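First comes the structure, then the notes that go with it.
The values are calculated or read from the model by the stated rules, or taken from the named source; none is laboratory data. In this text the structure is predicted, and so the values were computed from the model without any measurement. Methodologically, a virtual Cβ is constructed for each residue, glycine included, from the backbone with ideal geometry; neighbour enumeration extends over all protein chains shown. Just so you know, the surface numbers come from the protein's heavy atoms only, side chains and all, with ligands and any DNA or RNA stripped out. Shrake-Rupley method; radii C 1.70, N 1.55, O 1.52, S 1.80 Å.
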Amino acid sequence: MAHATFTAEGQNMESFRLLSGHKIPAVGLGTWRSGSQATHAVVTALVEGGYRHIDTAWEYGDQKEVGQGIKRAMHAGLERRDLFVTSKLWCTELSPERVRPALQNTLKELQLEYLDLYLIHWPFRLREGASRPPKAGDVLDFDMEGVWREMEKLAKDNLVRNIGVCNFTVTKLNKLLGFAELIPSVCQMEMHPGWRNDTMLELCKKNQIHVTAYSPLGSQEGGRDLIHDQTVDRIAKKLNKTPGQVLVKWGIQRGTSAIPKSQNPDRIKENIKVFDWVIPEQDFQALNSIPDQKRVLDGEDLFVNKTEGPYRTVADLWDHED
Ligand code: NDP
């Protein structure tokens, strides 16, 4: 369900209602690989761009910079309660006793009292110091239920407003739903016209789990160049929008929030101007028909060990569902 609210710029800014009752702004700023530029990007997004939603993770190594950006934006007059800040629990912390300390460390780095959303970053546990690709013994057993119970406690203690998951499959989400006392508010997945992942979107919708589309532009270096895709480019020209805006809007029109990353001030501001127009049905369907559906972020480098396992192929990671 989308709700209209207004940003500082007076631009129409939609948000989606989560199962918990909280609202998640439809567009957030991604910060992966923003590095030292993260502070500036966050300030630009919040103060000039009208963003209210920031996506980070311990693993990005930029939480301190993101936190400084949030702090500066609050000095400029924004209120914490108007912001939606997401971070993620890294794979080395996927054992029950490590969950709370990891969150506390994240809060400290971000200089925040609470998060709006805390996500399990990937459903695979890694040994601290694991290699990329992993060596034998680097990928450990993951006690999903034990970890989820600890996530639930963080929510009960109001250290996080919502909890959720990323990079889950139908198999893994159904397993989680089998024991969860608190249903995940959000499932964050790679989604763009080059990887629609309709199956997960349907399952989440059925269970009233909101989906956030990550890598909505096809991701970064080594990703899929959707910005120069013929169909995207044609529709952008026709609508007098940029390819980036068409890609973000496509995600929102499917009912997902989207978190485009940029560290360029003009592109940051451009990517959120998606609220006073629509992609006409015919063009929307053309975007839904882009061939060569393929993930960019398949997890191979992080979790696959071709000879030792436990995951020997990318298909193993995704439970042979693709
Ligand atoms: P995106 O799909 O957001 O694409 C980012 C790339 O597009 C950057 O190279 C950026 O360059 C460029 N770009 C941004 N805006 C435009 C534009 N309007 N026109 C042309 N190029 C543009 O990639 P990400 O993979 O970073 O995904 C977004 C966010 O999703 C991440 O930053 C992270 O927060 C989250 N994420 C979560 C994952 C998970 O496992 N949960 C995995 C991956 C991502 P420039 O900065 O120079 O503008």
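I'd like the carbon and sulfur percentage of the solvent accessible area for segment 174-322, probe radius 1.4 Å, heavy atoms only, ligands and nucleic acids excluded.
Details: 3280 of 6950 Å².
Carbon and sulfur atoms account for 47 percent of the accessible area of segment 174-322.
In the calculated pair distance distribution of the chain, what percentage of Cα-Cα distances lie above 30 Å? Each step should come with its number before you reach the end.
Numbers: 15611 of 51681 pairs.
That tail contains 30 percent of the Cα-Cα pairs.
May I ask you to rank Arg125, Arg72 by accessible area, largest first, using a 1.4 Å probe over the protein chains only?
Values: Arg125 65, Arg72 140 Å².
If we order Arg125, Arg72 from most to least accessible, we get Arg72, Arg125.
In whole angstrom, how far apart do the alpha carbon centroids of segment 128-160 and segment 253-295 sit?
Between the Cα centres of segment 128-160 and segment 253-295 lies a distance of 32 Å.
What accessible area per residue comes out for segment 73-160, rounded to a whole number of Å², with a 1.4 Å probe?
Numbers: 3890 Å² over 88 residues.
It amounts to 44 Å² per residue over segment 73-160.
What pairs from Lys153/Lys269; Lys23/Lys241; Lys71/Lys153; Lys88/Lys294 go past 32 Å between their alpha carbons? It would help to have the intermediate numbers written out before the result.
Details: Lys153/Lys269 37 Å; Lys23/Lys241 27 Å; Lys71/Lys153 27 Å; Lys88/Lys294 24 Å.
Over 32 Å apart, Cα to Cα: Lys153/Lys269.
Students often check this: by mean Cβ neighbours within 10 Å, which of 105-115, 274-284 ranks highest, and how do the rest follow?
Numbers: 105-115: 17.7, 274-284: 15.3.
Ranked by mean Cβ neighbours within 10 Å, highest first: 105-115, 274-284.
Please list the three semi-axes, largest first and in whole Å, of the ellipsoid equivalent to segment 271-322, using sqrt of 5 times the eigenvalues of its alpha carbon gyration tensor.
Details: eigenvalues 265, 39, 11 Å².
After scaling each eigenvalue by five and taking roots: 36, 14, 7 Å.
Could you work out what % of the accessible surface of segment 1-153 is carbon and sulfur, using a 1.4 angstrom probe and leaving DNA, RNA and ligands out of the count?
Values: 3070 of 6450 Å².
The nonpolar share, carbon plus sulfur, comes to 48 percent.
Take every DSSP beta bridge with both residues inside segment 126-277 and express the antiparallel ones as a percent of the total, to the nearest 5. Present the calculation step by step, with values, prior to reporting the outcome.
Numbers: 2 of 12 bridges.
The antiparallel proportion sits near 15 percent.
Could you name the aspartates and glutamates whose alpha carbon sits less than 13 Å from that of Lys175, not counting residues in the same chain fewer than 8 places away?
Asp143, Glu145, Asp319
Which residue, Thr307, Thr56, Thr86, has the most motion in a Gaussian network model of the chain that connects Cα atoms within less than 10 Å?
Thr307
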